[in-house]
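Encoded as structure tokens, the structure appears first; notes follow it.
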Amino acid sequence: MLYTEIDSPLGRLLLTGRPSATAPGGTALVSLSVPEQRNAPAPGPDWRREPAAFGEAARQLAAYFAGETRDFALEFAVEGTEFRRKVWDALDAVPYGATTSYGQLAARIGAPRAAVRAVGGAIGANPLLVLRPCHRVIGADGSLTGYAGGLDRKRHLLALEGAL
């Protein structure tokens, strides 16, 4: 596993990845996590620090935090169940500056209302904070609810995007 850490307005970000299967010399992102994040990966003894492998991701993240870009064009190499992948694809479709509720996201993927908890679990398992915009999911009543990176960071991201 390749990794690097970069500074951001959210604190130090840990990016992990592996060599791209489709772009020779490129890196496919496996995770992006923040300090104190629930279930965040930690560099292991067989991991290799490789800042250059994440140059494009770092550039796009800096542009996002500076308000210069709204979208990311990066390769992801994330594994998950078919249900989680559906939820994550639906997250990717929530536009910059917009929010959606867990129930609306469930409906978007054709899941029954009873699946809202499962949708929340899939969102909580999102390994690509910021890049896959789980911060755009709020409670049905408009309240800010769960975020693996903490509600202060969620608030920061939504304010940056003009959604608060």
*asked:* At R0 = 41 Å, how high is the FRET efficiency between residue 163 and residue 48 if r is their beta carbon distance? Nearest 0.05 is fine.
replied: 0.65
*For the chain, with all protein chains present and a 1.4 Å probe, just round the carbon and sulfur fraction of the accessible area to a whole percent.*
51 percent
*Based on the Cβ-Cβ distance of residue 141 and residue 6, what FRET efficiency does E = 1/(1 + (r/R0)^6) give at R0 = 45 Å, to the nearest 0.05?*
0.80
*What whole number of Å gives the distance from the Cα centroid of the range 69-135 to the Cα centroid of the range 1-47?*
19 Å
_Gyration tensor verdict on the range 64-164 (Cα atoms; rounded if a/c is under 1.5, prolate if a/b is larger than b/c, oblate otherwise)_ = oblate
*How much accessible area per residue does the range 27-109 have, in Å², with a 1.4 Å probe?*
56 Å²
*Can you tell me the 0 to 90 degree angle between the C-alpha axis of helix 82-92 and the longest principal axis of the chain, rounded to 10?*
90 degrees
*Starting with the highest mean, order 131-137, 76-82 by the number of other Cβ atoms within 10 Å, averaged over the residues of each peptide.*
131-137, 76-82
*Mark the label point 7 Å from the Cα of residue 66 along Cα→Cβ and return the residues of the range 91-105 whose backbone N is within less than 15 Å of it.*
none
_Helix-only CD estimate at 222 nm, as mean residue ellipticity for the chain, using -39500 (n - 2.57) per DSSP H run (n ≥ 4)_ = -8500 deg cm²/dmol
*In degrees between 0 and 90, to the nearest 10, how far off the longest principal axis of the chain does helix 55-65 point, with axes built from Cα atoms?*
40 degrees
*Hey, what angle do you get for helix 151-160 against the long axis of the chain, alpha-carbon based, 0 to 90 degrees rounded to 10?*
90 degrees
*Calculate I(q)/I(0) for the range 20-92 by the Debye formula, one identical point scatterer on each C-alpha and no solvent, and give its log10 at q = 0.14, 0.19, 0.21 Å⁻¹ to two decimals.*
-0.59, -1.10, -1.30
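The values are calculated or read from the model by the stated rules, or taken from the named source; none is laboratory data. Model, not experiment: these values are computed from the prediction. As a convention, Cβ positions derive from the backbone with ideal geometry for all residues, glycine included, and neighbour counts pool all protein chains shown. SASA here: full protein model, heavy atoms, side chains in, ligands and nucleic acids out. Shrake-Rupley method; radii C 1.70, N 1.55, O 1.52, S 1.80 Å.
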